[in-house]
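The values are calculated or read from the model by the stated rules, or taken from the named source; none is laboratory data. Every value quoted in this text rests on a predicted model; they were computed, and no experiment measured them. We place every Cβ from the backbone using ideal geometry, glycine too, and count neighbours over all the protein chains shown.
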Amino acid sequence: MEQSIEINGVKYVREDAKSSGNRAVVIVDRGWIFAGDVTRKNGRITLTNAVHVFRWESIGFDGMLANPKSSKVTLKSLANPVEIPEGSEIFSIPVSDDWGTT
């Protein structure tokens, strides 16, 4: 998640906190939530370096996004890429390049 401050109405983002724009948390129908480096091609979404957002407790969805390494968040690394049909995506949220990685 990008870290920023606002001074006199101008938002500043740390250079090392910027996302390249290809890692995202992807919410899929039936309640599945994954995160990974996103490639969209031929009606498919492929997530590499993927993790399954298995559960989070008492911090809310926004808390999970802000702090995926919290003890209240359970992420499971996936050995293989995740392939999702584009029509199954509910929404996605861009996150920092290291979101959910160890």
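Take the residues in region 38-61 that are basic (K, R) and touching a strand residue (DSSP E or B) at 6+ places or on another chain (Cβ under 7 Å); name whichever of them is farthest from A24 (Cα to Cα).
Pass one, region 38-61, residues basic (K, R): 40-41, 44, 55.
Remaining after also requiring touching a strand residue (DSSP E or B) at 6+ places or on another chain (Cβ under 7 Å): 44, 55.
On the way: R44: 15, R55: 17 Å.
Going through the qualifying residues, I end up with R55.
For region 28-43, check the following and say yes or no: at least one residue is at pLDDT 85 or above, loosely packed, with under 10 Cβ neighbours inside 10 Å, more than 18 Å from P81 (Cα to Cα) and over 11 Å from the mean Cα position of the chain (by Cα).
Filtering region 28-43 down to residues at pLDDT 85 or above leaves 28-43.
Subsequent filtering for residues that are loosely packed, with under 10 Cβ neighbours inside 10 Å retains 30-31, 41-43.
Adding the requirement that they be more than 18 Å from P81 (Cα to Cα) leaves 30-31.
Narrowing the set further to residues that are over 11 Å from the mean Cα position of the chain (by Cα) leaves 30-31.
Yes, that holds for at least one residue.
Just checking, does region 3-18 include any residue being in a strand (DSSP E or B) and at pLDDT 95 or above?
no
Go through region 50-72 residue by residue and tally those that are under 18 Å from V82 (Cβ atoms) and surrounded by fewer than 16 Cβ atoms within 10 Å (Cβ to Cβ).
2
When both residues are 6+ apart or on different chains and their Cβ atoms are under 9 Å apart, which pairs have a first residue that lies in region 81-95 and is surrounded by fewer than 11 Cβ atoms within 10 Å (Cβ to Cβ), and a second that is outside any strand (DSSP E or B)?
G87/D29; G87/G43
Scan region 40-51 and report the pairs whose first residue is more than 12 Å from N22 (Cα to Cα) and whose second residue is exposed (fewer than 13 other Cβ atoms within 10 Å of the Cβ) and among the basic types (K, R), with Cβ atoms within less than 9 Å and a gap of 6+ or a chain change.
V51/K76
Out of (1) free of Cβ contacts under 8 Å to residues at least 24 places away in the same chain; (2) under 16 Å from D29 (Cβ atoms), what's the single condition that is false for M64?
(2)
Output the number of the condition that S77 fails; it satisfies all remaining conditions of (1) surrounded by fewer than 13 Cβ atoms within 10 Å (Cβ to Cβ); (2) out of contact with any strand residue (DSSP E or B) (no Cβ under 8 Å at 6 or more places or on another chain).
So S77 meets the others, but not (2).
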